[in-house]
Every structure is written in structure tokens, then in C-alpha cells.
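Read through the structure below, which is laid out as C-alpha cells, and then see the notes.
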Amino acid sequence: MKFSMKPSLNWLLIFVPVSIVLRMWPQLGSAAALFICACLAVIPLAGWLGRATEELAQHMGQGIGGLLNATFGNAAELIIGLMALSKGLTGVVKASITGSIIGNLLLVMGASIVAGGIKHRSQSFNKTAALASATSLTLAVVALVIPTVFHWSAAKSGEWNPVLEQKLSLAIAIVLFTTYAFVLTFELFTHKQLYTGEGENRTKEEKKNHHAGRWSIQKSIIILVGATAFVALMSEFLVGAVEAARATLGFTEVFVGVVVVAIIGNAAEHSTAVLMAMKNKIGLSLSIAAGSSLQIALFVAPVLVFVSYAFGQPMNLEFTLPEVVAVFFAVQLIFQISSDGETNWLEGVQLLALYVILGILFFYLPEVHHAR
Amino acid sequence: MKFSMKPSLNWLLIFVPVSIVLRMWPQLGSAAALFICACLAVIPLAGWLGRATEELAQHMGQGIGGLLNATFGNAAELIIGLMALSKGLTGVVKASITGSIIGNLLLVMGASIVAGGIKHRSQSFNKTAALASATSLTLAVVALVIPTVFHWSAAKSGEWNPVLEQKLSLAIAIVLFTTYAFVLTFELFTHKQLYTGEGENRTKEEKKNHHAGRWSIQKSIIILVGATAFVALMSEFLVGAVEAARATLGFTEVFVGVVVVAIIGNAAEHSTAVLMAMKNKIGLSLSIAAGSSLQIALFVAPVLVFVSYAFGQPMNLEFTLPEVVAVFFAVQLIFQISSDGETNWLEGVQLLALYVILGILFFYLPEVHHAR
Amino acid sequence: MKFSMKPSLNWLLIFVPVSIVLRMWPQLGSAAALFICACLAVIPLAGWLGRATEELAQHMGQGIGGLLNATFGNAAELIIGLMALSKGLTGVVKASITGSIIGNLLLVMGASIVAGGIKHRSQSFNKTAALASATSLTLAVVALVIPTVFHWSAAKSGEWNPVLEQKLSLAIAIVLFTTYAFVLTFELFTHKQLYTGEGENRTKEEKKNHHAGRWSIQKSIIILVGATAFVALMSEFLVGAVEAARATLGFTEVFVGVVVVAIIGNAAEHSTAVLMAMKNKIGLSLSIAAGSSLQIALFVAPVLVFVSYAFGQPMNLEFTLPEVVAVFFAVQLIFQISSDGETNWLEGVQLLALYVILGILFFYLPEVHHAR
């Protein structure tokens, strides 16, 4: 949710103009090339978007600032989702929700724990905060499972109809959204002390990082608006080229969503989380990764459902069985690893192993048609 | 399992004569009205039944008394189940088993944790006792899952037959019943110290409550018999009117069982558990709710299977997929929340959110035909 | 994984010559008799095989010795698996993998915890080591679930084909095998201190046991080779007679694999684990049982997949739904019981109750055809 921008990703900004050129003169490169360039361009833009949100948040004081971070922290994923939704690609939207959740929980957390575990024999973190996240994530898993269960059961009784399923999904989205409001109240108000301990380490870290380059409100807003505009543009390219790219690269829609989009959207969180783990701030790494997953599941997903109505293409929350199973086991593993308040490198390897197994599944999986 | 009767529920006793009048002169009100009145009448009666059991238990000494509480604590649910069974409504019976389990785990526990969490920043309880309950509940989940898995697998191989499924369910019911005997041995004999700490708080509480109104053995037995008779009568009305009420109110059989019957049967436990949580006795709240679920799963359900043979309408333990999923995730969330030995208000909200999501599922779910 | 041979099992060696006689003169007894005799003969042989491996390991120093134990500790199961594979009985192979995992986790652990719990009110063990095992086992569960999920999803989209499934299984087997290498690195090198505490108790125990009978390298190797040869011979008999035995005894292929083969292959671990628990070394009991399960899941299963290619009868990792569910809940229960670092007799009873429920399921389950 919170992260600072690594300079090393900035050179990828070159792909912003490259993508624009490729889009304006399609004869210069294939749709697949445009897709790849737009993907690469999103990485640093998502980082700038996150940084600007965070800088602005610091001007706003803890409460409002936390709220800002909590709602705009995954703005890139939200924008990509909206673009895909506007073209009716609900399968890609759902797959990228799945991918963001498992990418954060398994890839980002796994890499962080391994990176931290190589230097430190064992690292400890606040168990109560970790369990609160794991439990909220379990709730998100249920929210993904229920519409699928509903579909099967209703289909079996011969009375399934899409309107009923739509209503069910909308009702569940409202519950998730409301739960997120409670989670934020817990994190930002009633139990903020649980998060402050880390926050303080955090702030010092930040201060050191940002001492020279603290942004003004104006600068933050300008960069926020600019980065948002460019992310939206790149997302439009990316989503527009996804069909052609899939055909060329031989990836399925689900694989693109689950693996490609998820890695792109979370690259900035990823680098920050790994860096923090290496500095023995594993609690911060875990809260970045878990917080990001939680935001996708309890905020971005419901918002996309709500907005899909405005687009006249209602999206339900019925995910495919592989998606549901993937998220279920990712959350299960996170819960198991969180339950003792300590990490070691093997736990990171186990998370990465699960990510690889799931990646293999989605790679080999033939195209499955989502119920819209 | 244990609770004291709140006076505030007693005025609902007015619905006992109202129900009798409606039953004798049906022209005075619809079947739906009878159903609702009988439902409301069961609430205080279940409370009196519980109170009488408990009073009698106190005369019997800890061992026998505990046993009495453990077997008659959910007498109301058992009686409603027997009535429904006698009319062949196995779907309602199973749904009310599901509903009692998730109602206790999510609604009662959730409300208790929220009520306690508003007043107290964090509340702690005995982890070993909580884990023992959670593990027994997991066993109950398996017992519900296995017959469903059996059905699917056997159907796939083309060799499913109801007799085989009946045998399987009977064998599992025997294992559950035996496990319950071991659980009681653990709670009442070999490890009663784990529960005594709470018991002592409890007893003091009780003493204060009951000082004036301690019942004699005669009074306890008379009220026990009387309340049982009236619960049986109201259950007969309730079950008799359920078909007509469903049609009028637009609820499915499963929704009635899962939500309506479950709330009615557990209202008294509910009020006691919430009250205890507000007095910072969260351990007692959790043991009331978990104990009640456990009793339904490991005692009431097997007994209903056994008795169904006497009625010549054997009931199996095959539950529908939504029921199995609901109980599975309810137990999973309880386990997660129990694993750190502390509660805070957010955990209560998470349990309630799951209850709402499951309620939505069962509300929208079209009628599914249980395999008898 | 590690155990010492109990003399009491040695008299079963009489079944080695009996089996040979029955095989050479089939008119002397039925195939079912041969099957039973071969089963009984494997029990002490597996024990000698384990003992010889361990003696040799002690000559090799901790690192190499640990590796030897970790790879040959379940040699008997591996040999039986190879024999069954060579005859194309992939269903039996898979069922015996399932059975070994749940047998170790539920039967061996359950019996050990009960045996220890009768003498000791509560026994404690190293939580970090137990959680590392539980998490690795969860990974193994995922590895079993994924090919089944793949099959269903691919079949639903009408694009399932066995070659794709084979590739998926092979890729997953490689991930599991690699994970096992990391688990061994953790246990034997980077975090061996976690296991040393127990190891020291262990070593003293060993010393006492072995003081008189410490074997030389030559003796260890001779017995290792001899026991391997006889296990292979008995396995050949056992597997050759399995079809006929099934028909006579009325067991299904799955029941034979899950219950019979699993009990036979793990009898020696079983007796050692129970003995250790009674001596209040519950940590050692749990690590024997969990280690053996882990070895089956992350080492034996992948090796069997790899070898199946050499035999020209590629085996995939698609297990039946009942097998997947059985392993899932066994691991879930183990995780729950491990999470507090303590055991009591009720937890053992709960594990045994799950074993009995699963045994009932597999007993009643009609023959299901595994996808090869």
C-alpha cells in the first residue's frame, strides 16, 4: 500500500513515448510489441502514482492521509480494470484481480521473506496485525467462492439465472466494501497503535529517504494527475492490444490477467517490500503486500462491480474454479506462515513454490469462458 | 450451552396461547401467522428449558450436571428436528443443523465479540480450550463433507446407491457420537481445570444472578417437563405451518432452516453470550457459542440420524454444497480468530460479515432438493 | 523417517519364506493368502531397511547421513510403488501415496498423541519445526489439488487432453522435488539447530538402544542390500496378487492402497513413534510422522512420476476427489493441532476419528477409475 519509488525503475519511462509511437503508427510494430511496451511503461508510472499518493497523504495528516493511501494505493490496477471493463473484457478484469491478490501474497511476500531470510536467521513481526489481515483475506476468499457455489447449486436445480447471480454479486460487493470501511477504521483509528510501531520505523526510513526530495502539495497533485493520465493511456493501449498479443504470444486471457497484469501493477510494491525485508523490517514488507491484496479484494473488486453497472455491462463476482482455488490456498499459506509471528527463508521459498505451481496451472489452462 | 434466562424475553410467552388459538381456529389467521407466532413462542420456551436444565444440573454435582447440560442444552433444536423428521422434512432438519452451527459460530460469537470489543480494546481467553473446540468442529465439517464427496464420486462411477450412502452416514454418525463422548470426558473429567477457571468466574456470576431465585429439584423438573411439552407443541405447529409459510413469505426451505429456525433456537444463548462479553468474560461467551455448535454437530445431528431409523424415514448426512461451504468457512474463521487467544471488535465484524454473506447466499439460492 | 527396529516385529519374518513357498506352489494357497503373507512379510523388512539406512547414516556424519535417511527412509513405499507402476497399476500407486500421507499424519500421529497423552497431561514440542512441516504439507496438498482442478476446468472448456495434463503433472513434480531439496537444506544445514534439540535427546536414546548392537559399515550395507532385495521380492508378490486378493476379500483398489499398503509400509515408524511419545518425546514422534509424510509427498511421489516415463507408462498427479479431500483435511487437522505447540490425548482421539471417518469413506467407495 505504501512504498517509495526506486530510481532503477525510472528508465522504463522510455516505454511511454515508445508505446505512443507504436500506437500512432501501427505499421512500426505488431500489437504484441505495443502490448509489451505498454506493460513496461505502466511499471514506473504505477510507482510514481503510488509515490505521489503517499506524498500527498503526508500533507493530509495521519487519518485522511491513511484513507488516501488506502483508496488510491492501487490506482493503477483500478484504472487497468476500468479500461478492461469498458471493453467488456470481464474475464481479464477478474483474472487481474486474482493475479494481484496471489501476486502480492505469494510473489511479493515470498521474495521479501527470502531476501530477508538470507541475511537474518529469523525475523519477527506483529502477529495481531498479520492475523487481522489474514482473516479479512479469508473473507475475500469466501466472497469469491460464494458466487461460484451459487452458480453450481442453482444450475443443478435448474433455476440459475444471470439476474439472480448479479444481485447476489452486488450484495456481496456491498458487504465487502462495508467490511473495508471497518478494516480502515480499525487500522487508522481504533487500533492504529498496532500499526504505529511499524509506522515509526517506517517514518524514520521515509524521512531518511525523502529528506532531500520532500514534495510540496502542488507537486504531489500535479504528479498524481499526470501519472494517472499516463497510466490510463497506457492501460488503454495495453487492454486494446491484449487480444492480438494473446494470439501472438500464445498466452490465454487468464494467464495474461493472472501473471502479466499482476506483476506489472505491483512492481513498485514489490521492490519496496523486498528492500524493507533486507533491512530487517519484515513486518513492513508483509503489511505492504497484505495491505495491497486486501485493497484489491475489498475495495478495487467491489468498486469495479459498482462501476460495471454505469458501463451498462454488469460484472458479477463469479470466478473460475482455478482462480478460487488459487486465492484460497494463497490465503491459507499466508495464514499458516503468519500464525507464529516469525519468518525464515524456507517460508519464503514455500510461498514462491506455490506461486510457481499456480503459474504452471494458469499457463497450461485452456481458455475458460467466464460467466459475465 | 449454559445460560441464564433474560426476563426481557419472557413477554414473548404471550405467543404460546396466541399460537394455540391460531391453530385451533385457523380462520383467525393464515398459516404464515401461525408460523411466525410459533417461532416467537419458542424463543422464551427454549430459554426456560435451558434454565431448568441448568438448575437441575446444579443439584446433580459437576460430573452428572455437566453431562445433563451437554445433552439437554440444545433440547429445543432436538425437538424441532424430531418434529420435522417425523413429517419427512429432512431438508429442513439438515438446514437447521447447518443454521444452528453457523448461527452460533458467526452470529452469536460475532455479536459477542463486537459487544465486548466496543467496551474493551482487546479481550483474551483460554487458547487450549478454544483450539480443542475448533478442532472438534473441523471434524464435524469433515463429517458433512464426506457424504457429499461420496455421493459425487459414486455417482461418477455410476455405482451410487442410497443404501450404501445410508450405511456411510450411519457409520459416520457413530464416529461423531463417540467423539462427543471423548470430548465430554476431556471437558468434564480429565482436563476440567481448563474450563474451571472460567467456571469459577461463571459460578460467581451465577450466584449473584441466582441468589434469590435458586430453584428446588421439584421446581426444576416441573419446569423442564412443562417447557419441553410446550416446545414440542410449538415445534409441531411451526413445522406443520412451514410449507404454507414458505409459500406466503417467499422463503426457501433452506433459508427457513438456516436462518429462521437457527435464530429462534439460539436466542437465549445469544443474549447470555453477548451479556458475558460486555462483562469482559469473552472466554465464557466463546465457550457458550462453540459448545452449542459442537453439541449440534456431534450430538444432535447423530441422534437425529439414529432416530430417523425408528421413524422409518432414514436420514443421511449428505448436505448441499452451499451448506458444506458455509460450515467449512465458519469453522475456518473461528479457528483463525481463536489462534491468538485474543479478540478485538474487528474480528467480531468479520464474523458478522461472513454471516451476512452466507445469509445472502441462502436467501437467493433456489430450492435445492436434498438427497434424503 | 528415523526409527529403531522393535524385536517384536521380527517374528513376522517367518512370512518371507511362507510367501515364497506360496508363490512357487500356488496350489498350496489362494492369491489372497499370498497377498496377506507378502503384506505381513513387508512389515519387518521395512523395519530392517530403515534400521540399516539409519546405521549407515550414522557412519556418514550428520549432513550426508541426514540426506541418506531423507531419501531412503521410505524405501519400502518407493519399491512397492515402482513394482505397481511397472504393472500399470497407477491407481494403486496413487492410493498408496494418499494412504501413506494420511496414515502417517492421522494414524501414527494420533496413536502417538493418545499413547503419550494417557501418561502425560500435556506434552509440548517445537512449534517452528512443526509449522515448517505443516506448511510444506499444505504445498503437497495444493500439488494434488491442482491437476484435479485442471482436469475439471479443461474438461469443462472441452479442451482437456492427456498430454497437457501430463506436462502439468511433470512440471508440478519438478517444483515439489525442488522444494524438497530446500526443505532438506533447511533441516540439515541452515536451521539444523531447530532439530538438534530433539536430535540430542534422540541420540542419547539411540546410544542406550544401540550400545551393544552398533553395526559396522559392512553389516549396514549388507543388511541394506538384503532387505531391499527381499522388500522388492515381497512387493512383486504383493502387487502381483493384489487383483486376485481384491476380488476375494471384497476390497476396492483404492481401499487396498489407502489402508492396507499404507499400514504395512509404515508399521515400523508407527511403533517407534508411539514408543517415543510414551517416553514424553512427543516432538520426536511428530517429526517421525510428519517427516515420513513429507518424504512421500515431496520425494517419493515426484520420483514415481519421473520413473513412470522410463517405464513408458507416464503417471500424472491427478488424484480422485476423495483422495484430495482426505489429504486436505488431514493436513488441516495437523496444522490446527500443531499451532499451539502442545498436545493432549483429545487431539490424538480427534486425529484417529478423522482416520476412521476416511477409512469408512474409502471402504464404501465404489471403484473409481483414475485418469492415468
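Observations
- Among the residues examined, A:Thr343 does not qualify as on the phi < 0 side of the Ramachandran plot, within 20 Å of the chain's Cα centre (by Cα) and of a type in the set (Ser, Thr, Tyr).
- Some residue of segment C:68-76 being surrounded by fewer than 20 Cβ atoms within 10 Å (Cβ to Cβ), among the polar types (S, T, N, Q) and closer than 27 Å to C:Leu139 by Cα: yes
Conditions (1) at pLDDT 90 or above; (2) away from chain A (no Cβ under 13 Å); (3) out of contact with any helix residue (DSSP H, G or I) (no Cβ under 9 Å at 6 or more places or on another chain), marked per residue:
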site: B:Val259; (1), (2), (3): no, yes, no
site: B:Leu275; (1), (2), (3): no, yes, no
site: B:Ala297; (1), (2), (3): yes, yes, no
site: B:Pro314; (1), (2), (3): no, yes, no
site: B:Ala330; (1), (2), (3): yes, no, no
site: B:Leu358; (1), (2), (3): yes, no, no
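- Screening A:Leu106, A:Leu22 for residues that are under 18 Å from the mean Cα position of the chain (by Cα) and either within 22 Å of A:Met278 (Cα to Cα) or modelled with pLDDT of 85 or more (or both) leaves exactly one candidate, A:Leu106.
- A single member of C:Ala268, C:Ala277, C:Ala273, C:Ala290 is farther than 22 Å from C:Gln123 by Cα, crowded, with 22+ Cβ neighbours inside 10 Å and not acidic (Asp, Glu), and it is C:Ala268.
- Matching residues in segment C:329-343 - criterion: being more than 14 Å from C:Ala353 (Cα to Cα) and among the aromatic types (Phe, Trp, Tyr): C:Phe335
- Single unsatisfied condition, A:Val303 versus (1) more than 10 Å from chain C (Cβ to nearest Cβ); (2) closer than 23 Å to A:Leu106 by Cβ; (3) modelled with pLDDT of 90 or more: (2)
- Of everything in segment A:61-102 that is assigned to a loop (DSSP other than H, G, I, E, B) and in contact (Cβ under 8 Å) with a residue 60 or more places away in the chain, the residue that is nearest to A:Val256 (Cα to Cα) is A:Leu89.
- B:Ser308 within 16 Å of the chain's Cα centre (by Cα) and farther than 19 Å from B:Val141 by Cα: no
- Residue within segment C:146-153 that is away from every other protein chain (no Cβ under 11 Å) and on the phi < 0 side of the Ramachandran plot present: no
- Considered as a group, the residues in segment B:151-165 that are without any contact (Cβ under 8 Å) to a residue 24 or more places away in the chain and assigned to a helix (DSSP H, G or I) include one that is surrounded by the fewest Cβ atoms within 10 Å (Cβ to Cβ), and that residue is B:Val163.
- With respect to the conditions (1) modelled with pLDDT under 80; (2) in contact with a Ser or Thr (Cβ under 8 Å, 6 or more places away or on another chain); (3) over 30 Å from A:Lys127 (Cβ atoms), A:Leu224 falls short on a single one, namely (1).
- One residue from B:Leu105, B:Leu168, B:Leu184, B:Leu139 being surrounded by fewer than 24 Cβ atoms within 10 Å (Cβ to Cβ) and assigned to a helix (DSSP H, G or I): B:Leu184
- Residue list for segment A:112-136, filter: more than 10 Å from every other protein chain (Cβ to nearest Cβ), in a helix (DSSP H, G or I) and touching a Ser or Thr at 6+ places or on another chain (Cβ under 9 Å): A:Ser112, A:Ile113, A:Ala115, A:Gly116, A:Ala129, A:Ser133
- Flag: B:Val231 does not match the condition of being surrounded by 18 or more Cβ atoms within 10 Å (Cβ to Cβ), at pLDDT below 80, β-branched (Val, Ile, Thr) and in a helix (DSSP H, G or I).
- Tally of residues being at the interface with another protein chain (Cβ under 7 Å from one of its Cβ atoms) and in contact (Cβ under 8 Å) with a residue 60 or more places away in the chain across segment C:166-177: 2
- Scanning segment A:157-179 for residues that are at pLDDT below 85 and touching a Ser or Thr at 6+ places or on another chain (Cβ under 9 Å) yields one hit, A:Trp160.
- Just one residue in the set B:Pro302, B:Pro366 is surrounded by fewer than 24 Cβ atoms within 10 Å (Cβ to Cβ) and in contact with an Asp or Glu (Cβ under 8 Å, 6 or more places away or on another chain); that residue is B:Pro366.
- Of the helices (runs of 4 or more DSSP H) entirely within segment A:292-372, those holding at least 2 residues that are in contact with a Gly (Cβ under 8 Å, 6 or more places away or on another chain) and hydrophobic (A, V, I, L, M, F, W, C) occupy A:345-364.
- Test for B:Lys119: is it touching a residue at least 40 places away in the same chain (Cβ under 8 Å), closer than 28 Å to B:Glu318 by Cβ and either surrounded by 24 or more Cβ atoms within 10 Å (Cβ to Cβ) or basic (Lys, Arg) (or both): no
- Flag for A:Ser285 being hydroxyl-bearing (Ser, Thr, Tyr) and farther than 22 Å from A:Phe15 by Cα: yes
- Count of residues meeting criterion [surrounded by fewer than 23 Cβ atoms within 10 Å (Cβ to Cβ) and either within 11 Å of B:Ala130 (Cβ to Cβ) or among the hydroxyl-bearing types (Ser, Thr, Tyr) (or both)] in segment B:341-352: 2
The values are calculated or read from the model by the stated rules, or taken from the named source; none is laboratory data. Everything numeric in this text was worked out from a predicted model, so none of it was measured. Don't worry about glycine lacking a Cβ; one is built from the backbone with ideal geometry, like all the others, and counts go over all protein chains shown.
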